[in-house]
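Below you'll find the structure, written out as structure tokens, and then a few comments.
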Amino acid sequence: MNPTTRVCSGSDFEEKIGYSRAVDDGRYVFVSGTTGYDYKSMHIAVSAIEQAEQCFNNIRVALEECGSSLERVVRVRYIFPRREDFEPCWPVFRKYLGAAKPAATLIIASLLDEKMKLEIEVTALSANNP
């Protein structure tokens, strides 16, 4: 069995709350709910579409640090405070997950910060899982 790998993005949230951006258990890579913050600048765009793009950039980096990729995503959960922001983001979702076509769920729920327009959580196949 492969050792578990944990990835940190450098976000203050991870240290304050006590979690990892991603965990690779050798079978799957579990990426924590990811928002549209640019973790280097801690800036977040105003629009849901721009935040969706940044979410996937953050997710892609975490997956690649584990040796996986967006093409290996098998499960995605979208969390939106406002359901009307969901449909405008569809082209972004298709751009990043259209090849993988993962099982998907939409949840309408409040997020930690009112600036956050969405949060995305994914599960991907590990590099060790053919």
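The residues of segment 26-89 have, on average, 48 Å² of accessible surface per residue, using a 1.4 Å probe with all protein chains present. Pairs of lysines in the chain whose Cα atoms sit within less than 25 Å of one another amount to 9, provided the residues are eight or more positions apart or on different chains.
Annotation: peptides 117-127, 75-85, ranked by per-residue average of other Cβ atoms within 10 Å with the highest first, follow the order 117-127, 75-85.
The angle separating the long axis of helix 48-65 from the principal Cα axis of greatest extent in the chain is about 10 degrees. Rg over Rh for the chain works out to 0.95, both radii taken from alpha-carbon positions and Rh defined as the Kirkwood radius. The portion of the accessible surface of the chain made up by carbon and sulfur, rounded to a whole percent, is 51 (1.4 Å probe; DNA, RNA and ligands excluded).
Where only DSSP H runs of four or more residues are counted, the chain gives -7500 deg cm²/dmol as its mean residue ellipticity at 222 nm, each run worth -39500 (n - 2.57). Of the two radii for segment 79-123, the radius of gyration is 0.97 times the Kirkwood radius, both from the alpha carbons; that is the Rg over Rh value. Note: relative contact order over segment 22-130, using C-alpha pairs below 8 Å and six or more positions apart, is 42 percent. Reducing segment 21-36 and segment 38-90 to their Cα centroids gives an inter-centroid distance of 13 Å. At an R0 of 25 angstrom, the distance between the Cβ atoms of residue 111 and residue 25 translates into a FRET efficiency of 0.40. The share of Cα pairs per 10 Å bin across segment 17-62, counted from zero up to the longest distance, runs 26, 50, 20, 3 percent.
The values are calculated or read from the model by the stated rules, or taken from the named source; none is laboratory data. Because the structure is predicted, anything quoted here is derived from the model rather than measured. Cβ coordinates were reconstructed from backbone atoms using ideal geometry, including for glycine residues, and neighbour counts include every protein chain displayed. The protein model used for the area step is the full one, side chains on, heavy atoms only, and it has no ligands, DNA or RNA in it. Shrake-Rupley method; radii C 1.70, N 1.55, O 1.52, S 1.80 Å.
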